[in-house]
Each structure stands twice: as structure tokens, then as C-alpha cells.
Amino acid sequence: MSEERKISIVLAGQGNTGKSAVFNYLTGLHQHIGNWAGKTIEKCEGTLFYKGFTIDVLDLPGIYSLTTYSEEEKISKEYIINQKPDCVINVIDSTNLERNMIFTLQLLELECPVIILLNMYDLAKKKGIQINSRELEKRFGVPVIPAVASRGAGLSKVLDKVIDLYNSSTDHWVPRYGKEIENCIDELTAFLNNKEHNYPKRLIAIKLIEKDKEITRKIEEEYPGLALKARDMHRRLEDIHGHDASVVMADERSHLSYQIIREITTYRKTKPSLNDRLDTI
């Protein structure tokens, strides 16, 4: 099969979102479990054949953010940025959007092709959570697909969207934050305008603002002037808000996440299930 008929996708998401169920359904027996080079962290890879395409699937470690605090987070971020997969499928637990949405915003900051898979959609409905997937799709400018991975429901639609994205070139939507943060981002990215770097310029600015250790170390080595400018930004934000710059950036994401969830979800009262009643007891 020719190279242009091959697609690489990765599954990204927090723990307990059903990523493994998606991976197992897609790859079946065509999977290989090993370790990341030089790490004890498990690496799950597989292959499937769909509509004339060979699709390689990699299940990234389950993580709660893309800030480099752990090896799993570093692996996930570096892989997406350096290997540039054709598509990242963000697996979300539909019953717990609040916990998942901040991770989704961080993923969109990487400026890679993304498909959002709203897994456990049936459980969300049972709990009275109604998610307007079309509104979310419109808001983010990326495909959003309700799914029940345990039954394979919605996963063929995901693959169709993967092929659609592969065959088209679209601009990637990136989250926009408050005026103060955006001013800082603009000033930092202006410094990088004529400089080459593997990371998207906007992402570098965001990571410098939130004091990402890995990115800050690289920038201090390559562009010490930019690192000094970032420190000035930290002082400016901390003087205004009275909090560490990394906390200010986290608050911005949290606020945007809450705003989006409020726009796309409605809640209705439902009778507690037998399991819920037993949990209460």
C-alpha cells in the first residue's frame, strides 16, 4: 500500500475516560504493548484497515494535563509536537466535562488536528446531562462525536472524520483568553516572529507564562532575551492579580472551560439509580 494511504492517530485523554476501550475496539488483535524508550511507562500501539487506509493507532498515557510535571505528561506533549500525528482523538468522559475540558483546551493549544470523542454519552443522558455536541463543534471548530466505546457506537464516525481531516487542510482553532494574558502572549510571540522552533510560537508563549520547566529551560538556552521578557511578564501579572503567573494562567483556562460547559450543557433532574442509592447508603 502506498505511503499516502497511511494515517497515524493518537488517543489522548485523562484516566478513566474509556481510552482503552476505544483502542481495543479499533485495533482488536492487531496491537502491540511495550514500553516507551528508556521508560517503564507502557506504550500501546495497534493497526487497523478502514476504507482503503492503513491506520496506525497509539494510545498515549492517561494524564490530567499537558503541563510537564510528570514523565507521562512530557511523553504525551513531546510526541504530539515532534511526531506530528495526522490526528489526535481526545477521548472525554461525557459524565464529567468539568474535569476533562481543561485538558481539551491544552490539547488545542498544541495546534494539531483534533477530534473530540464524547465517550459514555449514554451514561451522561441517564444522569440528566444533555450536551449540545453541535454547539461544541461550532465553538471549537473541530469534529465532536458522541460515542459509547464499550459498544463501539460512534467509532466508525470517528474514523470517517479522521479520513476527512486527512484529505483536507483546515486552520486549527486555538483557545483565546482574557485581555491581559493575550497581551502577554502577543508580546512574547512577537519576539519569536523570525525565529524557527519546533513548538508553535503561541504555545511557547503560554508555556513561558505558566512557568513550564521544560519549555523555560529550552528557551533560556536558545533565547535568553525571551526568558528575561517572560520574567517581566510574570512580575506584571503577579502585581495585577496577586497570584503566581502559573496560577493566573490556570485560572484563565478554568474560567474559559466553565464558560464553554455552561453554553453547551443543560441538566434535568433524574431519579437516582439503584447503584446511586446504594452508594449513598
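Since every read-out is calculated from the coordinates, none of them should be taken as a lab result. This one's a predicted model, so the numbers in the text were calculated from it and none came from an experiment. So basically every Cβ, Gly included, is an ideal-geometry build from the backbone, and we count neighbours across all protein chains shown.
Charge dipole of the range 31-96 (Cα centre as origin; +1 on each Lys and Arg Cβ, -1 on each Asp and Glu Cβ, all else neutral): 160 debye, rounded to the nearest 20. Only lysines eight or more places from Lys195 in sequence, or on another chain, were considered; those with a Cα closer than 18 Å are Lys207, Lys218, Lys229.
Dipole orientation for the range 79-131: of the candidates Ile80, Val91, Gln130, Gln130 has the Cα lying most toward the positive pole (charges on Cβ; Lys, Arg +1; Asp, Glu -1).
Might you report the magnitude of the Cβ-based charge dipole of the chain about its Cα centre, with Lys and Arg at +1 and Asp and Glu at -1, to the nearest 20 debye?
So the dipole magnitude of the chain works out to roughly 980 debye.
Of the residues Met249, Gly225, Ile215, the one whose Cα sits farthest toward the positive end of the charge dipole of the range 175-281, with +1 on the Cβ of Lys and Arg and -1 on the Cβ of Asp and Glu, is Met249. Rounded to the nearest 20 debye, the dipole size of the range 173-216 about its Cα centre is 80 debye, using +1 on the Cβ of Lys and Arg and -1 on the Cβ of Asp and Glu. Once the Cα atoms of helix 245-264 and of the chain are each reduced to a long axis, what angle between those two axes, in degrees from 0 to 90 to the nearest 10, is obtained? The helix 245-264 is inclined about 40 degrees to the chain. Within the listed set Lys157, Lys229, Lys269, the Gaussian network model of the chain (springs between alpha-carbon atoms below 10 Å) gives the highest mean-square fluctuation for Lys269. The residue list Leu117, Ser169, Val57 was ranked by how far each Cα lies along the charge dipole of the chain toward its positive end, using unit charges on Cβ atoms, and Leu117 comes out on top. Of all the options Thr270, Thr189, Thr104, the one that moves most in a Gaussian network model of the chain with Cα springs shorter than 10 angstrom is Thr270.
Normalised by the number of residues in the chain, the mean separation of alpha-carbon contacts (under 8 Å, six or more apart) gives a relative contact order of 17 percent. How tilted is helix 71-83 with respect to the longest principal axis of the chain? Cα atoms for both, answer in degrees (0 to 90, nearest 10). Once rounded, the angle reads 90 degrees.
The order of the peptides 36-42, 231-237 by mean Cβ neighbours within 10 Å, most packed first, is 231-237, 36-42.
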